[in-house]
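Report on one structure; see the data block that follows.
The values are calculated or read from the model by the stated rules, or taken from the named source; none is laboratory data. Just so it is clear, the model here is predicted, and its values are computed rather than measured. Here the Cβ positions follow ideal geometry from the backbone for every residue, glycine too, while neighbour counts run over all protein chains shown. Each accessible area value is taken on the protein alone, full model and side chains, heavy atoms only, with ligands, DNA and RNA left out. Shrake-Rupley method; radii C 1.70, N 1.55, O 1.52, S 1.80 Å.
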Amino acid sequence: MADASKQDYVGSFPPGKKITVVFVIGGPGSGKGTQCAKIVNQFGFTHLSAGELLREEVKSDTEQGTMIKNLMQEGKLVPSDIIVRLLLKAMLESGNDKFLIDGFPRNEENRQAYENIVNIEPEFVLFIDCSLEEMERRILNRNQGRDDDNVTTVRRRFGVFQESTLPVIQHYEKLGKLRRVDGDRQPDIVFEDVKAVFAQLNIQVASTRKREGTEKC
């Protein structure tokens, strides 16, 4: 576990408690949210979105929320340690021990802050690999009335994703922790591949618990 001094105002999980973390990464419009909802329903994970946690903090009447709001309005990045501590706080408050962390880490700085503060290795990283053409089509057709739902902005967001997040994907791929699924297909078809990945995780967890139980005997 991480050094307790790094978590002094957030807390930490009890020593020896098995915590399962899966990162879910994909470009804008890749279908991360849809797949996360299906995973939660079928496998009992708690779904956490770094972006949603930041928006909730902005709504709160706190000094940190005001600071985050000002940074966002100025177009500046929120420090990674703040994002990670919000994630850790939400994890601890959930009462669960299985977490899907959506859209995170976005960059190497996020990843390093997570390792320094939380220090719980992800079981794997689910990468929903979706083509630019398909992401464009989905975002432009979703009719949500958002100002950023236009071709130029979508391509810029995709460029940022490629530049910032690709090194994270490559890092976990080198560790053998990347699970890539083809996100260009219909959500239910994509989920068939996703289910297979999580079913394998359940087998691994069951095997580990059985082995630990045998060792204790």
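Distance cut-off 23 Å, Cα to Cα: go down the list Lys18/Lys89; Lys17/Lys177; Lys17/Lys59 and report the pairs above it. Where the Cα-Cα span goes over 23 Å, the pairs concerned are Lys17/Lys59.
Return the whole-Å distance between the Cα centroid of segment 71-126 and the Cα centroid of segment 17-40. Cα centres, segment 71-126 to segment 17-40: 13 Å.
State the percentage of accessible surface on the chain attributable to carbon and sulfur atoms; use a 1.4 Å probe and exclude ligands, DNA and RNA. Answer for the chain is 48 percent, counting heavy atoms of protein chains only.
What the phi angles of segment 188-200 give under the Karplus curve with 6.51, -1.76 and 1.60, with θ = phi - 60°, is a coupling list of 5, 6, 4, 5, 4, 5, 4, 4, 4, 5, 6, 4, 5 Hz, glycine and proline written as x.
Projecting the alpha carbon convex hull of segment 37-137 along each direction and taking the average yields 8.1 nm². Divide by every residue of the chain the summed helix terms, -39500 (n - 2.57) for each DSSP H run of at least 4, and state the resulting mean residue ellipticity at 222 nm, rounded to the nearest 500 deg cm²/dmol. Result for the chain: -18500 deg cm²/dmol, rounded to the nearest 500.
Loop-resident trypsin sites (Lys or Arg not before Pro) (DSSP state other than H, G, I, E or B) in segment 42-102 with no more than 10 further Cβ atoms inside 10 Å of their Cβ: Lys76. Relative contact order, whole percent, for the chain stands at 30, derived from Cα pairs under 8 Å and 6 or more residues apart. Think of a 1.4 Å ball rolled over the protein heavy atoms: segment 20-199 then has 50 Å² of accessible area per residue. The ratio of the alpha-carbon radius of gyration of segment 20-199 to the globular-protein estimate 2.2 N^0.38 Å is 1.02.
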